[in-house]
Number of protein chains: 2
Amino acid sequence: MFNKISIIGCGLIGSSILRAVEEKKLASKMSVYDKSSKVNEYLKKNFSVEICTNISDVVKDSDLVIIASPLSSYKEILLSIQSNLKENVILTDTGSVKKEVNKIICNLNLKKVNWIASHPIAGTEYSGPEAGFASLFKNRWCIISADKKVSEDKIKSLENFWSKLGSKTKFMTFEDHDYVLSLTSHLPHAVAYSIVKTAINNEDKFKDEVIQYSAGGLRDFTRIAASDPLMWKDIFIDNSDNIIKVLDNYSKSLNEIKDAIKNKDSKKLLDIFSSTKKVRKEIIEAGQDTDKPDFGRK
Amino acid sequence: MFNKISIIGCGLIGSSILRAVEEKKLASKMSVYDKSSKVNEYLKKNFSVEICTNISDVVKDSDLVIIASPLSSYKEILLSIQSNLKENVILTDTGSVKKEVNKIICNLNLKKVNWIASHPIAGTEYSGPEAGFASLFKNRWCIISADKKVSEDKIKSLENFWSKLGSKTKFMTFEDHDYVLSLTSHLPHAVAYSIVKTAINNEDKFKDEVIQYSAGGLRDFTRIAASDPLMWKDIFIDNSDNIIKVLDNYSKSLNEIKDAIKNKDSKKLLDIFSSTKKVRKEIIEAGQDTDKPDFGRK
């Protein structure tokens with residue numbers, strides 16, 4: 001499909017792409033760069049790809065360059081690679097926020113580079129290359145965003161790449177992407193971090209009990225509150241306007257429930273709980289979660 | 001173990017106890033009562049136990065009576081059964097709130113009845129007898145609470161019963177139970193209901209997107225926001241004082257994160273996210289959740 005693919009950043013996402021591209025033979029050549037020597041050791045042991053120690057080398061002659069590192073590293077990365085990018089290359093990423101990234105890239109005014117953002121809605125609570133696996137993107141959505149001036153051909157080509165990795169693709173503007181994801185992903189993470197923080201801020205007397213009896217609900221939240229701290233710090237900062245807006249709406253919903261509890265308003269509570277029950281069914285029907293009880297834990 | 005066991009309410013929990021008692025042969029005789037004719041139809045088809053249509057009959061000659069119905073039904077149930085309870089019977093329940101229930105029972109001033117509360121920390125997002133299964137209590141905690149005047153023998157006997165069902169038991173005061181569970185279970189449910197409500201209150205334009213891209217975090221919350229509305233309405237009303245208290249603490253944690261996002265305070269965000277990451281590890285080490293990525297969904 002592509003003669004050469006380069007991946008910058010080989011953590012959970014980058015290494016999963018690497019595995020999938022190898023498995024499905026989507027490139028004749030691959031090169032990777034990661035700033036961590038520990039990651040490079042792991043890559044050397046487990047893959048037979050070109051591992052670059054100098055970031056500017058990694059993109060040479062590459063037809064598809066994928067940035068799979070934290071959002072806060074993009075600017076430095078782009079400044080280091082821009083002069084070595086091949087003419088007509090597709091430059092993409094895997095980040096969870098798009099508007100800010102697009103601003104950075106537009107400001108660089110790259111010539112003859114097809115910048116098309118990707119966001120694979122895939123991941124686990126684990127990080128690092130050991131946590132990656134080739135089927136991570138299978139049946140998951142990948143959101144694609146690009147300026148109007150980018151050619152349809154190139155967009156198709158990138159969509160095709162994600163399809164071969166098993167993903168369903170969807171085109172969205174940078175702005176819509178950031179708003180939708182603030183609801184479906186960033187708000188849940190903010191809430192999960194807050195609830196786990198509340199539980200552990202608790203009196204020492206009950207510290208062990210909070211862990212022991214977490215199966216009553218808390219444990220579900222701890223999974224996403226265990227996500228990579230560095231990655232999530234970047235997301236919250238880069239998409240702060242949307243996140244603050246949805247957090248305000250969320251606080252209103254929470255206060256509505258709190259008032260109903262204070263007033264012992266059975267009808268109101270029943271109405272709210274019945275409406276939220278439906279959403280689970282819709283998510284399962286849309287193929288976005290398992291219908292096994294307890295996520296199939298038993 | 002017991003000559004006769006009676007179960008009042010045969011939904012997810014009651015039917016799972018029924019299945020486990022049958023499977024492990026923990027009683028010579030069993031009787032069940034459920035006010036729903038649909039549930040009774042199901043029980044007739046699937047079990048060979050005594051199905052009572054009159055609630056006062058179900059407890060006759062029973063050595064262990066288990067109330068497994070919504071908290072708001074307890075008072076009526078107790079008034080209906082009290083005169084038929086066998087002398088020296090163990091009366092227990094499976095409810096998620098204890099202090100209010102204990103008040104109701106103390107006020108009834110039942111004679112020669114050993115009231116010992118049980119709370120199996122087990123359940124799924126599904127309800128009804130079809131959703132039950134015998135291994136529901138396996139490796140889960142069951143919290144036991146009783147007044148000081150209840151004999152040690154009887155408490156041991158009930159603990160032994162839950163152990164045979166596969167549970168680990170822990171004795172706690174009614175008050176401590178309600179506080180710990182408000183943190184580990186009731187707060188997570190209030191938060192899950194609020195977040196799903198926020199997501200669906202959203203502009204119609206993004207209704208489908210919210211479902212489609214829920215794998216970014218939201219879907220984890222929808223599981224517990226799909227729990228039985230009637231049961232949860234009762235829990236919030238019966239444990240309102242504790243829940244309001246922890247919701248206030250939670251709002252403080254949330255505002256701390258919101259302020260850090262507004263101020264783009266990277267250090268603060270990293271500190272919070274790193275501290276919550278540890279809790280997941282502790283929960284897995286305590287055997288309270290799976291360590292498979294994504295709850296083993298893949």
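In units of the compact-protein estimate 2.2 N^0.38 Å, segment A:177-264 shows a Cα radius of gyration of 1.23.
Can you tell me the equivalent ellipsoid semi-axes for segment B:87-136? Use √(5λ) from the Cα gyration tensor, largest first, whole Å.
On the way: eigenvalues 143, 35, 15 Å².
For segment B:87-136, the semi-axes come out at 27, 13, 9 Å.
For segment A:115-122, the Karplus equation 6.51 cos²θ - 1.76 cosθ + 1.60, evaluated at θ = phi - 60°, returns couplings of 8, 10, 6, 10, 9, x, 7, 8 Hz by residue, with Gly and Pro reported as x. Compactness of chain B, taken as the C-alpha radius of gyration over 2.2 N^0.38 Å, stands at 1.11. For chain B, with a Gaussian network of springs between Cα atoms less than 10 Å apart, report the residue from B:Lys264, B:Lys103, B:Lys138 with the top mean-square fluctuation. Result: B:Lys264 has the largest fluctuation of those listed.
What is the projected area of the convex hull of the Cα atoms of the protein assembly as shown, averaged over all directions, in nm²? Kindly include the intermediate steps, with their values, before the conclusion.
Numbers: hull surface 110.1 nm².
Taking a quarter of the hull surface, the average projection is 27.5 nm².
With the helix formula -39500 (n - 2.57) applied to DSSP H stretches of n ≥ 4, chain B reaches a computed 222 nm mean residue ellipticity of -15000 deg cm²/dmol.
A straight line joining the Cα centroids of segment B:1-34 and segment B:177-203 runs 31 Å. The alpha carbon centroids of segment A:89-140 and segment A:152-169 are separated by 13 Å.
Around the amide H of B:Lys60, modelled in the peptide plane, lies no amide H under 5 Å away from a residue 5 or more places distant or on another chain. DSSP beta bridges confined to chain B are antiparallel in about 15 percent of cases. Helices of chain A meeting both criteria, an alpha-carbon length of 15 angstrom or more along the long axis and an average Kyte-Doolittle score not below 1.0, with helices taken as full DSSP H segments, are A:187-200. Each Lys and Arg Cβ is given +1 and each Asp and Glu Cβ -1; about its Cα centre, chain A then shows a dipole of about 480 debye. GNM on chain B, alpha-carbon springs under 10 angstrom: the most fluctuating residue among B:Val59, B:Val101, B:Val279 is B:Val279.
Debye-formula intensities of segment B:1-153, expressed as log10 I(q)/I(0) at q = 0.19, 0.21 Å⁻¹, are -1.26, -1.57 (one equal scatterer per alpha-carbon, no solvent).
When chain A is treated as a Gaussian network with alpha carbon springs shorter than 10 Å, the biggest mean-square fluctuation among A:Lys262, A:Lys24, A:Lys154 belongs to A:Lys262. The mean number of partner chain beta-carbon atoms within 10 angstrom of a residue's beta-carbon across peptide A:137-145 is 2.
Any read-out appearing in this document is the output of simple, stated calculations on the displayed coordinates, not a laboratory observation. This one's a predicted model, so the numbers in the text were calculated from it and none came from an experiment. Glycine also receives a Cβ, built like all others from the backbone with ideal geometry; neighbour counts cover every protein chain displayed.
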